[in-house]
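Read-outs throughout are calculated quantities, based only on the coordinates presented, and are distinct from any laboratory measurement. Here the structure is a predicted model, which is why all the values come from computation and not from measurement. Neighbour counts are summed over all protein chains in view; Cβ atoms, including those assigned to glycine, are modelled from backbone coordinates with ideal geometry.
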Amino acid sequence: MTANMGSIRNSGIELDLSADIIRNKDITWSFNANFSYNKNKVLDLGDPTKDYYNTGFVSIVKEGEALGSYQLIKALGVAQEKTEYKNAEGKVTKVVQPGDMLYEDINGDGLINSADAQIFSGGIAPIYGGLVQQLTIKDLT
């Protein structure tokens, strides 16, 4: 169910620059550059003890985080050799073979599970930009 249940703050800037490099009766060569920066933060969800997940995705809506953030377990790379995950007591909890993905064990319990998930911003790119050139010769663009 979709509901309006909180507040978000969006802030940013937009810049647009246009110029004619050449402009006469037969030729027009113009240039345009644009840039935008946007930052957002979820301020209030009504119930501060609850996080909201988008159905079918791993994105999370959480107070203090950017809209479009993801809750993921950080990958450290591919194991080049046999690697062991150990808990705080030094007991081996998992053996990873070469070619398997290595993940960050945030809490040091030797297990890779949802307790190791971190919030990563990245669902919405904060910076956009573009460059455009247009050349018109007589009536041909």
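Ranked by Cβ crowding within 10 angstrom, fewest neighbours first, how are 104, 89 ordered?
Numbers: 104 12, 89 8.
Ordered from fewest to most neighbouring Cβ atoms within 10 Å, 104, 89 come out as 89, 104.
Just one of [x] 65; [y] 70; [z] 51 is percent of Cα pairs over 19 Å apart calculated from these coordinates, so which is it?
Correct label is [y].
Sequence gap of 8 or more, or different chains, plus Cα separation below 27 Å: how many lysine pairs satisfy both in the chain?
17
Please work out the FRET efficiency for the pair residue 109 and residue 9, using the Cβ-Cβ distance as r and a Förster radius of 30 Å; give the result to the nearest 0.05. All intermediate terms of the calculation are to be shown ahead of the outcome.
Numbers: r = 36 Å, r/R0 = 1.20.
For residue 109 and residue 9, the calculated efficiency is 0.25.
Roughly speaking, what is the stretch gain from residue 25 to residue 72, that is 0.36 nm per residue apart minus the C-alpha to C-alpha distance, in nm to one decimal? Can you show the working numbers first?
On the way: separation 47, 0.36 × 47 = 16.92 nm, distance 5.82 nm.
Roughly 11.1 nm would be gained on extension.
Provide the packing ranking of 11-24, 90-103, 109-122, i.e. peptides ordered by the mean count of other C-beta atoms within 10 Å per residue, highest first. Please report the intermediate quantities before stating the final value.
Working: 11-24: 10.1, 90-103: 12.2, 109-122: 14.1.
Going from most to least packed, we get 109-122, 90-103, 11-24.
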